[in-house]
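All remarks here apply to the structure that follows.
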Amino acid sequence: MELRLVFLLSLLLFSIATVRSADVDESDALIRQVVSDDDDLLLNADHHFAAFLSRFGKSYAAPEEHAYRLSVFKANLRRARRHQRLDPSAVHGVTQFSDLTEEEFERSYLGLRPVTLPADAHKAPILPTNDLPTDFDWRDHGAVTPVKNQGSCGSCWSFSAAAALEGANYLSTGKLVSLSEQQLVDCDHECDSSDPGSCDSGCNGGLMTSAFEYTLKAGGLEREEDYPYTGTDRGTCKFDKSKIVASVANFSVVSIDEDQISANLVKYGPLAVGINAAYMQTYIGGVSCPYICSKRLDHGVLLVGYGASGYAPIRFKEKPFWIIKNSWGEHWGENGYYKICKGRNVCGVDSMVSAVAAVGSSSQ
Ligand SMILES: *[C@@H]1O[C@H](CO)[C@@H](O)[C@H](O)[C@H]1NC(C)=O
């Protein structure tokens, strides 16, 4: 009885995957070449690998390394194809991360540490939601700096936190100033009061709310140019209090309710959010809306807006989505951005959202 249920369920999932993957064939030829056809994939993996190396300017010194990376690349082609079937409204394929194993990717390009919240993180008050715009994007209102690149360092948390404060600072002062992630990487060793073993630790991970807590205590963040990003955490803290350009007034944790998230976004500016980044390793574009995605949060990003109906291949219903600024450079995703569907806490995107308010220019 139970077995039959499992069988029927897998049959159902399988047919969804097969039917949906047919739509992929209608999309971009370059991507189709990469992820749709099994034989092409296996027969031409070497060719795809060569194209990947030249596109991203990569090479490996030792022939053994080259061979190993080719094998990882092949596994990632299969993974991209799997993602395409599970996430048909997005496009998956070869990215700058296609020669990395999942473990390497997680270690070097994510960096959200396991979550408990610091003492000063208040719960955000419930806001009215009846007058929310149907589409909203802080990029249209000048509150978002250009996409940055964390490089091979698990410092996503510092980019998410600094970007949220950039937006809040813009709202309170009218000036958009790019802020220093390196200050957070070098100087913020804030720990959870409830879990002192877990502290912000540079390229080894951290938490946005802890970064707000640090920034509140330290007095603020310096400008990006004054404390530039190095992508390593081997340096000592060079924070100079006299160079502070943005300060935290307060911050809060937003409830998991999507209307509340939207209301806080519109009111306080871009929000720091945690997400599971599994599908982001192979993401090329579109609205990501996987049938199955872990809610284990491992990446910190910035929520900048939302839309009512996103691009989706023909025969898909248009999907409402969140617009997310990532920190992997402008050549990843849609010019550095990710779209993920709203509606059911996909990949945990609704479960760790924080808002920050900056000290206004007049009171400084
Ligand atoms: C900051 O504090 C005010 C007053 O307590 C509160 O209404 C507001 O929600 C807080 N803002 C944030 C972003 O936490």
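Scan the range 249-260 for residues that are more than 14 Å from the ligand (Cβ to nearest atom) and not acidic (Asp, Glu) and jot them down.
If the condition is that a residue be more than 14 Å from the ligand (Cβ to nearest atom) and not acidic (Asp, Glu), then Ile256 is the only one that fits.
Leu86 - would you say it is modelled with pLDDT of 90 or more, in contact with a Pro (Cβ under 9 Å, 6 or more places away or on another chain) and open to solvent by less than 70 Å² (accessible area, probe 1.4 Å)?
Numbers: modelled with pLDDT of 90 or more: yes; in contact with a Pro (Cβ under 9 Å, 6 or more places away or on another chain): yes; open to solvent by less than 70 Å² (accessible area, probe 1.4 Å): yes.
For Leu86, the condition - modelled with pLDDT of 90 or more, in contact with a Pro (Cβ under 9 Å, 6 or more places away or on another chain) and open to solvent by less than 70 Å² (accessible area, probe 1.4 Å) - is met.
Please tell me if Ala246 is within 16 Å of the ligand (Cβ to nearest atom), surrounded by 16 or more Cβ atoms within 10 Å (Cβ to Cβ) and among the small types (Gly, Ala, Ser).
yes
How about the range 268-364: which strands (runs of 3 or more DSSP E) wholly inside it have at least 2 residues that are at pLDDT 95 or above and within 16 Å of the ligand (Cβ to nearest atom)?
Because the criterion is at least 2 residues that are at pLDDT 95 or above and within 16 Å of the ligand (Cβ to nearest atom), the strands (runs of 3 or more DSSP E) in the range 268-364 that meet it are 271-275, 299-307, 353-358.
Taking the stated definitions as given, is Val273 of a type in the set (A, V, I, L, M) and either in contact with a Gly (Cβ under 7 Å, 6 or more places away or on another chain) or closer than 23 Å to Asp298 by Cβ (or both)? Give the steps one after another, and end with the answer.
On the way: of a type in the set (A, V, I, L, M): yes; either in contact with a Gly (Cβ under 7 Å, 6 or more places away or on another chain) or closer than 23 Å to Asp298 by Cβ (or both): yes.
Here the answer is yes, as Val273 does meet what is asked.
Yes or no: Ala263 within 15 Å of the ligand (Cβ to nearest atom) and assigned to a strand (DSSP E or B)?
no
Give the residues of the range 162-206 that are open to solvent by 30 Å² or more (accessible area, probe 1.4 Å) and within 16 Å of the ligand (Cβ to nearest atom), sorted by residue number.
Result: Tyr170, Leu171, Ser172, Thr173.
Between Leu179, Leu184, Leu216, which is among the aliphatic types (A, V, I, L, M), in the same structural domain as His141 (by TED's automatic domain parsing), touching a residue at least 60 places away in the same chain (Cβ under 8 Å) and under 19 Å from Gln150 (Cα atoms)?
Leu179
The values are calculated or read from the model by the stated rules, or taken from the named source; none is laboratory data. Because the structure is a prediction, the values reported are computed rather than measured. Glycine gets a Cβ as well: all are built from the backbone with ideal geometry, and neighbour counts include every protein chain shown. Areas reflect the complete protein model, heavy atoms only, side chains present, ligands, DNA and RNA absent. Shrake-Rupley method; radii C 1.70, N 1.55, O 1.52, S 1.80 Å.
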